[in-house]
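Report on the following structure.
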Amino acid sequence: MSEPRTALRLALVGHGRMGRAVERLALERGHAVVAVLDRSAAGAVLASAALDRGALGEADVAIEFTRPEAAAGNLLALAATGVPVVTGTTGWHARLDEVRAAVAAHDGLLLYASNFSIGAQLCFRAARDLARHFRGRPEFDAYIVEVHHRAKLDAPSGTALTLQAAARAGDPARAVPITSVRAGHVPGTHTLAYDAPLETVSLEHTARSRDVFAAGALAAAEWLAAQRAAGRRGVVTFEDMLFGGEAPGSES
């Protein structure tokens, strides 16, 4: 029997499609949303300067889903509050070292992921293992196709880049180019394929609803709160939570 879930007080940074999905599921699970920080009424991007401890209320954890250009600034500001943070925004990882230093300087705790779907995380590991079996078979060309709704800004997606890294870890000599499609309302489909003249092998993950990402982010928030209470600090990933820190590209 699973242990009863501890109710959390959550601050939501970003209230777009993902923020609203997180809010709805959080309330269904018995959590409280004590702060919602989003764009101004005029439509301006959320100012990271507004992300101080007072703005977060009595939040136990902040969950950040905003925009690639705003995320790093948000995370730097949130680090200074001392509140544990879960972020699912992608497209900011070039500034990861800067964010990591800020989290360390403020004795904070941050969990980030390119994808909060458990199935996608398992797919990354399957991609690494599949790629190992294609080593030394030049008749196969490898590629990734990722499809998202037209409002998604970053391309390639963070998930596609993670999938590419996993495939390259399994077969470092093989190029794995990415093609990105932005159209319609697709939550996210990622396909890794190996194509030869007479056959194709493919590994695909399809998200049918944003709820899969919202559920993963809430599970991460619940885990992060428990980790903070146990004294954990620093920057961790969804992979750390699910698999104890074994990276999808690591050799076993």
Out of (1) among the hydrophobic types (A, V, I, L, M, F, W, C); (2) open to solvent by 60 Å² or more (accessible area, probe 1.4 Å); (3) touching an Asp or Glu at 6+ places or on another chain (Cβ under 9 Å), the one residue 225 does not meet is (2)
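A quick yes/no check of all residues on (1) in contact (Cβ under 8 Å) with a residue 40 or more places away in the chain; (2) crowded, with 17+ Cβ neighbours inside 10 Å; (3) of a type in the set (Ser, Thr, Tyr):
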{"position": "91", "(1), (2), (3)": "yes, yes, no"}
{"position": "115", "(1), (2), (3)": "yes, yes, no"}
{"position": "131", "(1), (2), (3)": "yes, yes, no"}
{"position": "134", "(1), (2), (3)": "yes, yes, no"}
{"position": "155", "(1), (2), (3)": "no, no, no"}
{"position": "170", "(1), (2), (3)": "yes, yes, no"}
{"position": "189", "(1), (2), (3)": "yes, no, yes"}
{"position": "193", "(1), (2), (3)": "yes, no, no"}
Of the residues that sit in segment 195-221 and are out of contact with any Ser or Thr (no Cβ under 6 Å at 6 or more places or on another chain) and free of Cβ contacts under 8 Å to residues at least 12 places away in the same chain, which one is least open to solvent (accessible area, probe 1.4 Å)?
-> 200
Mind listing whichever residues of segment 103-112 are open to solvent by less than 10 Å² (accessible area, probe 1.4 Å) and within 13 Å of the chain's Cα centre (by Cα)?
-> 110, 111
Residue list for segment 228-238, filter: at pLDDT below 95 and surrounded by 20 or more Cβ atoms within 10 Å (Cβ to Cβ) = 238
Which number in (1) surrounded by fewer than 24 Cβ atoms within 10 Å (Cβ to Cβ); (2) in contact (Cβ under 8 Å) with a residue 24 or more places away in the chain; (3) touching a helix residue (DSSP H, G or I) at 6+ places or on another chain (Cβ under 8 Å); (4) in a helix (DSSP H, G or I) marks the one condition that residue 100 misses?
-> (3)
Kindly indicate whether residue 32 is over 30 Å from residue 201 (Cα atoms), hydrophobic (A, V, I, L, M, F, W, C) and either free of Cβ contacts under 8 Å to residues at least 60 places away in the same chain or surrounded by fewer than 19 Cβ atoms within 10 Å (Cβ to Cβ) (or both).
-> yes
If you go through segment 65-76 one residue at a time, do you hit one that is closer than 19 Å to residue 16 by Cβ, among the β-branched types (Val, Ile, Thr), touching a strand residue (DSSP E or B) at 6+ places or on another chain (Cβ under 7 Å) and not in a loop (DSSP other than H, G, I, E, B)?
-> no
Looking only at segment 137-153, which residues are surrounded by fewer than 17 Cβ atoms within 10 Å (Cβ to Cβ) and closer than 24 Å to residue 238 by Cα?
-> 149, 153
Members of segment 77-90 found to be in a loop (DSSP other than H, G, I, E, B), within 19 Å of residue 113 (Cβ to Cβ) and in contact with a Leu (Cβ under 9 Å, 6 or more places away or on another chain), listed by number | 83, 84, 89, 90
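The values are calculated or read from the model by the stated rules, or taken from the named source; none is laboratory data. What you are looking at is a predicted structure, and each value in this text was computed from that prediction instead of being measured. All Cβ positions, glycine included, derive from the backbone under ideal geometry; neighbour counts span all protein chains shown. Quick note on the areas: whole protein, heavy atoms, side chains included, nothing else; ligands and nucleic acids left out. Shrake-Rupley method; radii C 1.70, N 1.55, O 1.52, S 1.80 Å.
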